[in-house]
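One structure is given here, and the rest of the page talks about it.
The values are calculated or read from the model by the stated rules, or taken from the named source; none is laboratory data. Small disclaimer: the values here were computed from a predicted structure and weren't measured. Quick reminder, even Gly has a Cβ in these numbers, built from the backbone with ideal geometry, and neighbours come from all protein chains shown. Accessible surface areas use protein heavy atoms only, side chains included; no ligands, DNA or RNA. Shrake-Rupley method; radii C 1.70, N 1.55, O 1.52, S 1.80 Å.
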Amino acid sequence: MTSPRILVAGIGNVFMGDDGFGVEVVRKRAERPLPDGVTLMDAGIRGIDLTYALLDGYDAAVLVDATPRGRAPGTLYVLEPTVASALEASLFDAHDMNPVRVLAAAKALGATPPVVRVLGCEPARLGTLDEPLFELSAEVTSAVEPALELLDELLDELRRPAKATTTEHAHA
């Protein structure tokens, strides 16, 4: 049995503070051996590159990104994104790295992996073009190691064979 092909993509701009969370997690994960079938990608802010990678026949994808959701900075999330309409995909910008728009663009071009998860972290501070920040906040830096553990748990889950739809019980 072959291992499922899983893409892990780090998303974010390393010059915008906590927005670089996804890139940092992928960089750190690359320092250890990967399970069979897993590909790491530093997608950065290159939405079009990630879109084309998603078209490459992966069985699953994990997008690692800063995800502001109103919780305490450093809070980790695992989300199952919904793919936006094809109309929203037409608003796609090659430099846009909104994961929902990237998924919508991939769908509009023909395919997305059947399973997509977003491993997100609540940012504490994000830079701007006028005021870039060149490092992660203390809260988000502290979340990188737990995120790596959560990523490995996700990869283990995604690599397990799908459970059969019927269950047989043996009786002694």
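Length gained on full extension, Thr75 to Thr39: 10.4 nm, using 0.36 nm per residue less the C-alpha separation.
The calculated FRET efficiency for the pair Thr2 and Lys28, based on their C-beta separation and a Förster distance of 25 Å, comes to about 0.40. Accessible-area rank, largest first, for Leu158, Leu63, Leu34: Leu34, Leu158, Leu63, with all protein chains present and a 1.4 angstrom probe. Among Thr112, Thr2, Thr128, Thr67, the sequence by solvent-accessible area, most first, with a 1.4 Å probe is Thr2, Thr128, Thr112, Thr67. Residue ranking by accessible heavy-atom surface, 1.4 Å probe, largest first, among Asp130, Asp36 comes out as Asp130, Asp36.
Here segment 12-85 and segment 107-159 have alpha carbon centers that stand 5 Å from each other.
Note on segment 14-73: Rg/Rh from C-alpha atoms, Kirkwood Rh, equals 0.99. For segment 60-69, putting each phi into the Karplus relation 6.51 cos²θ - 1.76 cosθ + 1.60 with θ = phi - 60° gives couplings of 7, 9, 10, 9, 9, 7, 6, 9, x, 9 Hz, in residue order, rounded to whole numbers and with x for Gly and Pro.
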